[in-house]
Amino acid sequence: MLTARPTYPAGPLKIALMSCAHTHAMSYAAQLGARAEVDLVVADPDGYGDVRGVRVVASYEDAWAAWPEGPDAIVVTSANAHHKDLVLEAARRGVHVLCEKPLATNVPDAEAMVAACREAGVVLMTAFPVHFAPAIQALRTAVADGTLGEVIGLTGTNNGKLPSARDWFTDVELAGGGAMVDHTVHLAEILDSVFGPPATVHAVTNRILYAERAGEGAETGGLVTLTYDSGVVATIDCSWSQPADAPTWGGLRLQALGTGGQLQIDAFAQHVGGPGQWLPYGTNTDALLLDAFLGAVREGRTADPTGEVGLRTVAVVAAAQESVRTGQPVALAATT
(Lines give C-alpha, C1' and ligand atoms only; values in the text may rest on other atoms or scores of the structure.)
Protein backbone atom coordinates (compact mmCIF):
# COMPACT_ATOMS: atom_id res chain seq x y z
CA MET A 1 0.00 0.00 0.00
CA LEU A 2 1.26 3.47 -0.86
CA THR A 3 1.58 6.15 1.78
CA ALA A 4 2.14 9.49 -0.01
CA ARG A 5 -1.07 11.44 -0.67
CA PRO A 6 -3.21 8.35 0.03
CA THR A 7 -6.61 10.04 -0.14
CA TYR A 8 -8.13 12.98 -1.99
CA PRO A 9 -11.23 15.11 -1.53
CA ALA A 10 -14.25 14.61 -3.75
CA GLY A 11 -13.14 17.46 -6.04
CA PRO A 12 -11.34 17.01 -9.37
CA LEU A 13 -7.90 15.45 -9.49
CA LYS A 14 -5.31 17.86 -10.83
CA ILE A 15 -3.60 16.09 -13.74
CA ALA A 16 -0.75 17.41 -15.90
CA LEU A 17 -0.13 15.67 -19.22
CA MET A 18 3.57 16.13 -19.83
CA SER A 19 4.38 16.54 -23.56
CA CYS A 20 2.47 15.91 -26.76
CA ALA A 21 5.37 14.00 -28.33
CA HIS A 22 3.70 10.59 -28.18
CA THR A 23 0.68 10.04 -30.39
CA HIS A 24 -1.24 8.65 -27.40
CA ALA A 25 -1.20 12.16 -25.90
CA MET A 26 -4.15 13.18 -28.07
CA SER A 27 -6.29 10.26 -26.92
CA TYR A 28 -5.35 10.65 -23.25
CA ALA A 29 -6.01 14.40 -23.37
CA ALA A 30 -9.42 13.85 -24.98
CA GLN A 31 -10.34 11.22 -22.39
CA LEU A 32 -9.13 13.18 -19.37
CA GLY A 33 -10.43 16.53 -20.58
CA ALA A 34 -13.96 15.11 -20.85
CA ARG A 35 -14.04 13.90 -17.23
CA ALA A 36 -15.65 16.09 -14.59
CA GLU A 37 -13.46 14.47 -11.94
CA VAL A 38 -10.27 15.71 -13.64
CA ASP A 39 -8.76 19.19 -13.91
CA LEU A 40 -6.36 18.81 -16.85
CA VAL A 41 -3.41 20.87 -18.03
CA VAL A 42 -1.36 19.81 -21.06
CA ALA A 43 2.29 20.81 -21.52
CA ASP A 44 3.38 21.11 -25.16
CA PRO A 45 7.02 22.28 -24.92
CA ASP A 46 7.80 21.08 -28.46
CA GLY A 47 4.91 23.02 -29.98
CA TYR A 48 3.16 20.15 -31.75
CA GLY A 49 -0.10 22.06 -31.47
CA ASP A 50 -2.41 19.15 -32.22
CA VAL A 51 -3.91 18.67 -28.75
CA ARG A 52 -6.86 21.04 -28.59
CA GLY A 53 -9.96 21.66 -26.54
CA VAL A 54 -8.09 21.66 -23.22
CA ARG A 55 -5.82 24.04 -21.34
CA VAL A 56 -2.40 23.90 -23.02
CA VAL A 57 0.76 25.52 -21.62
CA ALA A 58 4.11 25.99 -23.32
CA SER A 59 6.49 24.36 -20.84
CA TYR A 60 6.84 21.70 -18.17
CA GLU A 61 7.51 24.46 -15.64
CA ASP A 62 4.14 26.04 -16.46
CA ALA A 63 2.44 22.67 -15.99
CA TRP A 64 4.07 22.06 -12.62
CA ALA A 65 2.99 25.57 -11.54
CA ALA A 66 -0.55 25.39 -12.97
CA TRP A 67 -1.96 24.92 -9.44
CA PRO A 68 -0.61 26.58 -6.29
CA GLU A 69 -0.01 23.19 -4.65
CA GLY A 70 1.05 21.47 -7.88
CA PRO A 71 -0.60 18.55 -9.69
CA ASP A 72 -1.82 15.39 -7.98
CA ALA A 73 -0.56 13.25 -10.85
CA ILE A 74 1.13 13.47 -14.21
CA VAL A 75 0.83 11.48 -17.44
CA VAL A 76 4.18 11.24 -19.23
CA THR A 77 3.87 11.18 -23.03
CA SER A 78 7.26 12.59 -24.00
CA ALA A 79 9.93 11.02 -26.19
CA ASN A 80 11.19 7.85 -24.48
CA ALA A 81 14.57 9.31 -23.49
CA HIS A 82 12.85 12.09 -21.52
CA HIS A 83 10.69 9.80 -19.37
CA LYS A 84 13.27 9.44 -16.61
CA ASP A 85 13.68 13.13 -15.78
CA LEU A 86 9.93 13.73 -15.64
CA VAL A 87 9.26 10.67 -13.47
CA LEU A 88 12.08 11.45 -11.05
CA GLU A 89 10.83 15.03 -10.70
CA ALA A 90 7.32 13.74 -9.99
CA ALA A 91 8.66 11.39 -7.31
CA ARG A 92 10.60 14.28 -5.75
CA ARG A 93 7.38 16.29 -5.55
CA GLY A 94 5.27 13.36 -4.26
CA VAL A 95 3.20 13.25 -7.46
CA HIS A 96 1.72 10.05 -8.95
CA VAL A 97 2.73 8.95 -12.45
CA LEU A 98 1.30 7.18 -15.48
CA CYS A 99 4.25 6.79 -17.87
CA GLU A 100 4.00 5.89 -21.54
CA LYS A 101 5.71 2.69 -22.65
CA PRO A 102 8.53 1.81 -22.88
CA LEU A 103 9.17 3.00 -19.34
CA ALA A 104 12.74 4.01 -20.24
CA THR A 105 15.38 3.50 -22.90
CA ASN A 106 17.60 1.32 -20.68
CA VAL A 107 17.39 -0.82 -17.56
CA PRO A 108 19.34 1.45 -15.15
CA ASP A 109 17.03 4.38 -15.90
CA ALA A 110 13.93 2.22 -15.45
CA GLU A 111 15.29 0.86 -12.16
CA ALA A 112 15.95 4.40 -10.93
CA MET A 113 12.40 5.46 -11.81
CA VAL A 114 10.81 2.50 -10.04
CA ALA A 115 13.00 2.97 -6.97
CA ALA A 116 12.29 6.71 -6.73
CA CYS A 117 8.52 6.25 -6.92
CA ARG A 118 8.64 3.37 -4.45
CA GLU A 119 10.64 5.46 -1.97
CA ALA A 120 8.31 8.44 -2.42
CA GLY A 121 5.24 6.26 -1.94
CA VAL A 122 3.61 7.34 -5.20
CA VAL A 123 1.84 5.34 -7.89
CA LEU A 124 3.92 4.46 -10.95
CA MET A 125 1.90 2.80 -13.70
CA THR A 126 3.16 1.96 -17.17
CA ALA A 127 0.78 2.86 -20.00
CA PHE A 128 -0.08 -0.46 -21.62
CA PRO A 129 -3.68 0.05 -22.80
CA VAL A 130 -3.81 -3.34 -24.55
CA HIS A 131 -3.48 -4.95 -21.11
CA PHE A 132 -7.18 -4.09 -20.69
CA ALA A 133 -8.43 -5.49 -24.02
CA PRO A 134 -11.13 -8.19 -23.62
CA ALA A 135 -9.20 -10.51 -25.95
CA ILE A 136 -6.13 -10.32 -23.71
CA GLN A 137 -8.22 -11.09 -20.64
CA ALA A 138 -9.63 -14.09 -22.50
CA LEU A 139 -6.09 -15.38 -22.98
CA ARG A 140 -5.21 -14.92 -19.31
CA THR A 141 -8.40 -16.73 -18.30
CA ALA A 142 -7.84 -19.62 -20.75
CA VAL A 143 -4.31 -20.19 -19.44
CA ALA A 144 -5.32 -19.85 -15.78
CA ASP A 145 -8.27 -22.26 -15.96
CA GLY A 146 -6.44 -24.84 -18.08
CA THR A 147 -8.68 -24.58 -21.13
CA LEU A 148 -5.63 -24.84 -23.40
CA GLY A 149 -4.04 -27.65 -21.44
CA GLU A 150 -0.28 -27.27 -21.14
CA VAL A 151 0.76 -24.23 -23.16
CA ILE A 152 3.61 -25.10 -25.51
CA GLY A 153 4.17 -21.98 -27.59
CA LEU A 154 2.87 -18.59 -28.59
CA THR A 155 3.27 -16.50 -31.73
CA GLY A 156 2.77 -12.77 -31.38
CA THR A 157 2.61 -10.04 -34.00
CA ASN A 158 2.74 -6.32 -33.25
CA ASN A 159 3.27 -4.71 -36.65
CA GLY A 160 2.65 -1.11 -37.55
CA LYS A 161 3.41 1.73 -39.90
CA LEU A 162 6.78 3.42 -39.64
CA PRO A 163 5.97 6.51 -37.55
CA SER A 164 5.98 9.66 -39.65
CA ALA A 165 4.17 12.39 -37.71
CA ARG A 166 6.67 12.14 -34.82
CA ASP A 167 10.20 11.74 -36.19
CA TRP A 168 11.66 11.03 -32.75
CA PHE A 169 10.23 7.48 -32.93
CA THR A 170 12.96 6.59 -35.44
CA ASP A 171 15.74 8.52 -33.66
CA VAL A 172 17.81 5.96 -31.74
CA GLU A 173 18.90 8.50 -29.11
CA LEU A 174 15.37 9.68 -28.33
CA ALA A 175 13.50 6.39 -28.77
CA GLY A 176 16.17 3.96 -27.56
CA GLY A 177 16.08 2.01 -30.82
CA GLY A 178 13.71 1.34 -33.69
CA ALA A 179 10.85 -1.05 -34.33
CA MET A 180 12.07 -3.58 -31.76
CA VAL A 181 11.80 -0.98 -29.00
CA ASP A 182 8.49 0.36 -30.27
CA HIS A 183 6.71 -2.95 -30.86
CA THR A 184 8.15 -5.52 -28.45
CA VAL A 185 6.97 -4.17 -25.11
CA HIS A 186 3.18 -4.53 -25.61
CA LEU A 187 3.42 -8.27 -26.22
CA ALA A 188 6.19 -8.64 -23.64
CA GLU A 189 3.81 -7.15 -21.06
CA ILE A 190 0.98 -9.48 -22.05
CA LEU A 191 3.27 -12.50 -21.82
CA ASP A 192 4.63 -11.23 -18.48
CA SER A 193 1.09 -11.02 -17.09
CA VAL A 194 0.54 -14.70 -17.94
CA PHE A 195 3.93 -16.41 -17.60
CA GLY A 196 6.18 -13.98 -15.73
CA PRO A 197 9.62 -13.02 -17.08
CA PRO A 198 11.35 -15.27 -19.64
CA ALA A 199 14.62 -17.07 -18.95
CA THR A 200 16.35 -16.19 -22.24
CA VAL A 201 15.86 -13.77 -25.11
CA HIS A 202 17.07 -14.20 -28.70
CA ALA A 203 16.52 -11.55 -31.36
CA VAL A 204 17.32 -10.63 -34.94
CA THR A 205 16.64 -7.34 -36.74
CA ASN A 206 16.98 -5.80 -40.18
CA ARG A 207 16.46 -2.58 -42.16
CA ILE A 208 14.96 -4.12 -45.28
CA LEU A 209 11.76 -2.08 -45.22
CA TYR A 210 11.67 1.74 -45.19
CA ALA A 211 15.39 2.11 -44.43
CA GLU A 212 15.43 5.42 -46.31
CA ARG A 213 12.83 6.83 -43.92
CA ALA A 214 14.15 5.46 -40.62
CA GLY A 215 16.75 7.19 -38.49
CA GLU A 216 20.35 6.04 -38.65
CA GLY A 217 20.75 2.70 -36.90
CA ALA A 218 17.03 2.24 -36.24
CA GLU A 219 15.85 -1.28 -37.10
CA THR A 220 12.62 -1.49 -39.10
CA GLY A 221 12.03 -5.23 -38.76
CA GLY A 222 12.65 -7.71 -35.96
CA LEU A 223 11.81 -11.04 -34.40
CA VAL A 224 12.24 -11.66 -30.67
CA THR A 225 12.11 -15.19 -29.24
CA LEU A 226 11.44 -15.68 -25.53
CA THR A 227 12.12 -18.99 -23.80
CA TYR A 228 10.71 -19.74 -20.35
CA ASP A 229 11.95 -22.10 -17.64
CA SER A 230 8.79 -24.17 -18.19
CA GLY A 231 9.82 -24.84 -21.80
CA VAL A 232 7.26 -22.46 -23.32
CA VAL A 233 8.59 -20.57 -26.34
CA ALA A 234 7.05 -17.30 -27.55
CA THR A 235 7.92 -15.18 -30.56
CA ILE A 236 7.23 -11.48 -31.14
CA ASP A 237 7.21 -10.06 -34.66
CA CYS A 238 7.93 -6.40 -33.93
CA SER A 239 8.23 -4.77 -37.35
CA TRP A 240 7.31 -1.48 -39.00
CA SER A 241 5.85 -3.35 -41.95
CA GLN A 242 2.40 -1.86 -42.55
CA PRO A 243 2.16 0.02 -45.87
CA ALA A 244 1.74 3.76 -45.66
CA ASP A 245 -1.74 3.54 -47.23
CA ALA A 246 -3.05 0.91 -44.78
CA PRO A 247 -6.39 1.96 -43.26
CA THR A 248 -5.04 1.86 -39.69
CA TRP A 249 -1.67 2.11 -37.92
CA GLY A 250 -1.25 -1.66 -37.42
CA GLY A 251 -2.41 -4.25 -34.91
CA LEU A 252 -1.63 -6.79 -32.23
CA ARG A 253 -2.34 -10.51 -32.51
CA LEU A 254 -1.32 -13.51 -30.46
CA GLN A 255 -1.80 -17.23 -31.06
CA ALA A 256 -1.39 -19.62 -28.12
CA LEU A 257 -0.97 -23.36 -28.71
CA GLY A 258 -1.50 -25.90 -25.95
CA THR A 259 -1.97 -29.64 -25.54
CA GLY A 260 -5.72 -29.06 -25.13
CA GLY A 261 -6.32 -26.58 -27.92
CA GLN A 262 -5.34 -23.24 -29.34
CA LEU A 263 -6.53 -19.66 -29.02
CA GLN A 264 -6.09 -16.84 -31.50
CA ILE A 265 -6.71 -13.32 -30.28
CA ASP A 266 -6.81 -9.96 -32.01
CA ALA A 267 -6.65 -7.00 -29.64
CA PHE A 268 -8.23 -4.71 -32.24
CA ALA A 269 -10.83 -7.06 -33.68
CA GLN A 270 -13.64 -4.68 -32.70
CA HIS A 271 -13.84 -2.75 -35.96
CA VAL A 272 -15.65 -2.52 -39.24
CA GLY A 273 -13.22 -2.38 -42.15
CA GLY A 274 -12.90 -2.33 -45.87
CA PRO A 275 -10.67 -0.77 -48.55
CA GLY A 276 -9.27 2.36 -46.93
CA GLN A 277 -11.73 2.13 -44.03
CA TRP A 278 -11.21 1.27 -40.36
CA LEU A 279 -14.02 2.12 -37.95
CA PRO A 280 -13.34 0.93 -34.39
CA TYR A 281 -16.12 0.27 -31.90
CA GLY A 282 -16.58 -1.33 -28.50
CA THR A 283 -14.02 -1.28 -25.71
CA ASN A 284 -11.85 1.82 -25.40
CA THR A 285 -8.70 0.46 -23.77
CA ASP A 286 -7.24 3.96 -23.26
CA ALA A 287 -10.30 4.79 -21.15
CA LEU A 288 -9.89 1.59 -19.09
CA LEU A 289 -6.21 2.35 -18.53
CA LEU A 290 -7.04 5.84 -17.27
CA ASP A 291 -9.84 4.44 -15.07
CA ALA A 292 -7.32 2.14 -13.42
CA PHE A 293 -4.79 4.92 -12.93
CA LEU A 294 -7.23 7.45 -11.50
CA GLY A 295 -8.63 4.79 -9.16
CA ALA A 296 -5.15 3.92 -7.95
CA VAL A 297 -4.35 7.58 -7.31
CA ARG A 298 -7.57 8.24 -5.39
CA GLU A 299 -7.25 5.08 -3.30
CA GLY A 300 -3.49 5.23 -2.73
CA ARG A 301 -2.79 1.76 -4.12
CA THR A 302 -0.80 0.12 -6.88
CA ALA A 303 -2.48 -1.00 -10.10
CA ASP A 304 -1.36 -3.11 -13.04
CA PRO A 305 0.53 -2.60 -15.22
CA THR A 306 2.90 -1.30 -12.56
CA GLY A 307 6.26 0.40 -12.95
CA GLU A 308 7.86 -2.92 -12.07
CA VAL A 309 6.09 -4.49 -15.05
CA GLY A 310 7.40 -1.67 -17.23
CA LEU A 311 10.90 -2.32 -15.89
CA ARG A 312 10.69 -6.02 -16.75
CA THR A 313 9.64 -5.25 -20.33
CA VAL A 314 12.53 -2.80 -20.69
CA ALA A 315 14.81 -5.63 -19.52
CA VAL A 316 13.39 -7.86 -22.28
CA VAL A 317 14.15 -5.20 -24.90
CA ALA A 318 17.66 -4.66 -23.51
CA ALA A 319 18.33 -8.40 -23.67
CA ALA A 320 17.00 -8.48 -27.24
CA GLN A 321 19.35 -5.64 -28.21
CA GLU A 322 22.28 -7.48 -26.65
CA SER A 323 21.28 -10.63 -28.53
CA VAL A 324 21.28 -8.70 -31.81
CA ARG A 325 24.79 -7.44 -31.03
CA THR A 326 26.16 -10.86 -30.11
CA GLY A 327 24.07 -13.17 -32.28
CA GLN A 328 23.44 -15.34 -29.23
CA PRO A 329 20.57 -15.93 -26.78
CA VAL A 330 20.86 -13.72 -23.69
CA ALA A 331 19.87 -14.77 -20.18
CA LEU A 332 17.47 -12.23 -18.71
CA ALA A 333 19.08 -10.47 -15.77
CA ALA A 334 17.09 -9.98 -12.57
CA THR A 335 15.71 -6.45 -12.11
CA THR A 336 15.44 -4.51 -8.87
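Out of all the residues in the stretch 220-275, which are of a type in the set (Val, Ile, Thr), modelled with pLDDT under 95 and in a loop (DSSP other than H, G, I, E, B)? 248 - this is the single residue of the stretch 220-275 that is of a type in the set (Val, Ile, Thr), modelled with pLDDT under 95 and in a loop (DSSP other than H, G, I, E, B).
The set of residues from the stretch 38-69 being part of a loop (DSSP other than H, G, I, E, B), surrounded by 13 or more Cβ atoms within 10 Å (Cβ to Cβ) and of a type outside the set (A, V, I, L, M) comprises 44, 45, 46, 48, 67. On the stretch given as the stretch 305-320, residues that are in a helix (DSSP H, G or I), closer than 13 Å to residue 188 by Cβ and open to solvent by less than 40 Å² (accessible area, probe 1.4 Å) total 11. In the stretch 156-168, the qualifying residues are those that are open to solvent by 20 Å² or more (accessible area, probe 1.4 Å) and closer than 21 Å to residue 310 by Cα, and the one that is modelled with the highest pLDDT is 157. When the stretch 169-208 is filtered for residues that are surrounded by 24 or more Cβ atoms within 10 Å (Cβ to Cβ) and free of Cβ contacts under 8 Å to residues at least 40 places away in the same chain, only 169 remains. Candidates in the stretch 193-246 are the residues that are within 14 Å of residue 153 (Cα to Cα) and small (Gly, Ala, Ser); of these, the one that is nearest to the chain's Cα centre (by Cα) is 234. Among the residues of the stretch 312-327, is there at least one that is of a type in the set (A, V, I, L, M, F, W, C) and within 22 Å of residue 138 (Cβ to Cβ)? No - not one qualifying residue is present in the stretch 312-327. When 130, 107, 143, 122 are checked against the criterion of being within 16 Å of residue 314 (Cβ to Cβ) and buried (at least 17 other Cβ atoms within 10 Å of the Cβ), a single residue qualifies: 107. Filtering the stretch 21-34 to residues that are in contact (Cβ under 8 Å) with a residue 12 or more places away in the chain and either among the β-branched types (Val, Ile, Thr) or open to solvent by 20 Å² or more (accessible area, probe 1.4 Å) (or both) leaves 23, 24, 26, 27, 30, 31, 33. If the condition is being open to solvent by less than 70 Å² (accessible area, probe 1.4 Å) and not in a helix (DSSP H, G or I), then the stretch 321-331 contributes 327, 330. Looking across the stretch 134-152, the residues that are under 23 Å from the mean Cα position of the chain (by Cα) and among the polar types (S, T, N, Q) come down to 137, 141. Of everything listed in (1) modelled with pLDDT of 95 or more; (2) in contact with a helix residue (DSSP H, G or I) (Cβ under 9 Å, 6 or more places away or on another chain); (3) over 15 Å from residue 74 (Cα atoms), the single unmet condition for residue 13 is (3).
In the set 302, 283, 335, only one residue is outside any helix (DSSP H, G or I), of a type in the set (Ser, Thr, Tyr) and more than 27 Å from residue 83 (Cα to Cα); that residue is 283.
A Cβ distance below 8 Å, combined with a sequence gap of six or more or placement on separate chains, defines the contacts here; from the stretch 261-288, residues that are under 17 Å from residue 249 (Cβ atoms) and among the charged types (D, E, K, R) reach residues that are open to solvent by 90 Å² or more (accessible area, probe 1.4 Å) and assigned to a strand (DSSP E or B) in the pairs 266/253.
Would you please list the contacts, defined by Cβ atoms under 6 Å and residues six or more apart or on different chains, that run from a residue in the stretch 313-336 that is within 20 Å of residue 125 (Cα to Cα) to a residue that is among the hydroxyl-bearing types (Ser, Thr, Tyr) and modelled with pLDDT of 95 or more? Every condition considered, the pairs that remain are 317/184. Checking the stretch 89-105 against the condition returns a match, with at least one residue being outside any loop (DSSP other than H, G, I, E, B), aliphatic (A, V, I, L, M) and farther than 24 Å from residue 285 by Cα.
The values are calculated or read from the model by the stated rules, or taken from the named source; none is laboratory data. No experiment lies behind these values; they were computed from the predicted model shown. Note: ideal-geometry Cβ built from the backbone for every residue, glycine included; neighbour counts use all protein chains shown. To get the accessible areas, we keep the full protein, side chains included, count just its heavy atoms, and leave off ligands, DNA and RNA. Shrake-Rupley method; radii C 1.70, N 1.55, O 1.52, S 1.80 Å.
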